[in-house]
1. Which residues, counting only those in the range 104-137, are among the basic types (Lys, Arg) and part of a strand (DSSP E or B)?
2. Any residue in the range 111-123 that is of a type in the set (Asp, Glu) sitting within a Cβ distance under 9 Å of a residue that is part of a strand (DSSP E or B) and open to solvent by 20 Å² or more (accessible area, probe 1.4 Å)? List the pairs, counting only those 6 or more apart or interchain.
3. Tell me, yes or no, whether the range 102-121 has at least one residue that is within 17 Å of Lys151 (Cβ to Cβ), surrounded by fewer than 16 Cβ atoms within 10 Å (Cβ to Cβ) and over 18 Å from the mean Cα position of the chain (by Cα).
4. In this structure, does Asn88 turn out to be closer than 29 Å to Gln167 by Cβ and either basic (Lys, Arg) or loosely packed, with under 14 Cβ neighbours inside 10 Å (or both)?
5. Please work out which residue is farthest from Asn88 (Cα to Cα), limiting yourself to the range 138-158 and to residues that are of a type in the set (D, E, K, R) and in a strand (DSSP E or B).
6. Under 26 Å from Lys139 (Cβ atoms), open to solvent by 10 Å² or more (accessible area, probe 1.4 Å) and either β-branched (Val, Ile, Thr) or at pLDDT 95 or above (or both), is that true of Arg99?
Amino acid sequence: MVNAIRKLRSAGAAAALGFVLSACGTAHETEGKDRHEKIERVALPEAGSSREPASEPGWRLVWQDEFDGAQIDHTKWDFDVDCWGGGNDERQCYTDAPRNASLRDGKLVITARRETHTGPALPTHMRKEAEDPDATATKPYTSARLVTRGKAAWKYGRIEVRAKLPQGQGTWLHDLDAARR
């Protein structure tokens, strides 16, 4: 079980990601009180096993998506659609195309594709102040970025993700393996 959302960076290779996301908060956090307890340690399940989100005492499930519908739930998710590069010079354009993000067998599958795409050079919130708000950019890859912006947000709590990530150069897992050597 991964206890934080980690960004998959696809710098060249096509990649697919499927995950289940849930957010949990302690009972007093979800009741709107100002005090917040520090969680020192969370018991993780044994490798190869699973558990229900928020099964530890003191935690209450406040949001989840099991991706078990026919389509991505637009009441929970929105798409960033731009070729900005995420602020770290990514070589991909984010689209809302089903070929880049879809549901399959109860999983959200995000697929990076080697295909040239042209789209807005900046994210929506930056276009208003830009010298050329209609500027476009062209990148050699497409992918999807799903966000809960304007739909759900958390200041404190715990995010749990069950994910299967590809391995290979340019992916987050490859970078982690290289750092361990």
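1. Arg104, Lys107, Arg113, Arg114, listed by residue number.
2. Glu115/Pro140
3. no
4. Yes.
5. Arg158
6. Spelling it out, Arg99 is indeed under 26 Å from Lys139 (Cβ atoms), open to solvent by 10 Å² or more (accessible area, probe 1.4 Å) and either β-branched (Val, Ile, Thr) or at pLDDT 95 or above (or both).
The values are calculated or read from the model by the stated rules, or taken from the named source; none is laboratory data. Keep in mind the model is a prediction, meaning the values are calculated, not measured. So basically every Cβ, Gly included, is an ideal-geometry build from the backbone, and we count neighbours across all protein chains shown. Ligands, DNA and RNA are excluded from the accessible area calculation, which covers all protein heavy atoms including side chains. Shrake-Rupley method; radii C 1.70, N 1.55, O 1.52, S 1.80 Å.
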